[in-house]
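**Q** Here it is: the structure, laid out below.
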Amino acid sequence: MHLRIMRTFTQIIGWSLVAIGVTGGAETRPAWSSMDSWFHPRQNESHFQQVEKLPDADVMEVAPAKMPEAEEQLRDVVCVELSSQRASELTGQPVKAIAGGSLFLVRAVYLNRGTGKFTVSLSGRNLLVEHGSLGHSAVPMKRQALVVRLRQKPDVVYVSYSMAE
């Protein structure tokens, strides 16, 4: 009986090695060809077991013409509080804070803007800013600043992306 278990185990290992040799292994390549310093992926999935996705209306992109100003504001920080007036200037649309909350300028990155969208989620005092898109090949990461309505300033801001074919 013990010998039969060992043979079965050896066969499983053997076939696994054959499968890896045929498929080249589970090789995963990044979807980006160059990484941006704003990229800050979450390290621990358990921090995001219970998330609250923010409504799309609470997440606004900074207008392209205002990106240099926004990047300068985010040069040394990942998140900064804004007045309604400043948020409106950066987005090019009227922006007001939620009752009992504030507006924040936060970092984001994307790979393929045209095939995706930004989602922002809260888990406690951790903020996750992600851009999901479609694509077929590695592309450079690009920056995008966002104005986000929040009740309080987050302790940590994670900035990431996802890309599917």
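**Q** Give me a count of the residues in the stretch 129-152 that are closer than 16 Å to L54 by Cα and either open to solvent by 10 Å² or more (accessible area, probe 1.4 Å) or without any contact (Cβ under 8 Å) to a residue 24 or more places away in the chain (or both).
**A** Here the count works out to 5.
**Q** Please indicate, with yes or no, whether at least one residue in the stretch 81-91 is closer than 30 Å to A138 by Cα, modelled with pLDDT of 90 or more, not aliphatic (A, V, I, L, M) and not in a loop (DSSP other than H, G, I, E, B).
**A** Within the stretch 81-91, one or more residues are closer than 30 Å to A138 by Cα, modelled with pLDDT of 90 or more, not aliphatic (A, V, I, L, M) and not in a loop (DSSP other than H, G, I, E, B).
**Q** So, one more: Hey, any hits in the stretch 77-98 for a residue that's open to solvent by 40 Å² or more (accessible area, probe 1.4 Å), without any contact (Cβ under 8 Å) to a residue 12 or more places away in the chain and within 18 Å of H40 (Cβ to Cβ)?
**A** yes
**Q** What do you reckon, is F104 within 16 Å of the chain's Cα centre (by Cα) and surrounded by 14 or more Cβ atoms within 10 Å (Cβ to Cβ)? Even if it seems obvious, please write down each step before you answer.
**A** Details: within 16 Å of the chain's Cα centre (by Cα): no; surrounded by 14 or more Cβ atoms within 10 Å (Cβ to Cβ): yes.
Judged against the criteria, F104 is not a match.
**Q** Could you check the stretch 98-162 for strands (runs of 3 or more DSSP E) lying wholly inside it with 3 or more residues that are farther than 23 Å from K66 by Cα?
**A** Correct list: 117-123, 126-134.
**Q** Still on this structure: Can you name the condition, by its number, that E52 falls short on among (1) in contact with a strand residue (DSSP E or B) (Cβ under 8 Å, 6 or more places away or on another chain); (2) at pLDDT below 80?
**A** (2)
The values are calculated or read from the model by the stated rules, or taken from the named source; none is laboratory data. Computed from a predicted model, the values in this text were never measured in an experiment. Don't worry about glycine lacking a Cβ; one is built from the backbone with ideal geometry, like all the others, and counts go over all protein chains shown. Accessible surface is based on the protein model in full, side chains and every heavy atom, while ligands, DNA and RNA are left aside. Shrake-Rupley method; radii C 1.70, N 1.55, O 1.52, S 1.80 Å.
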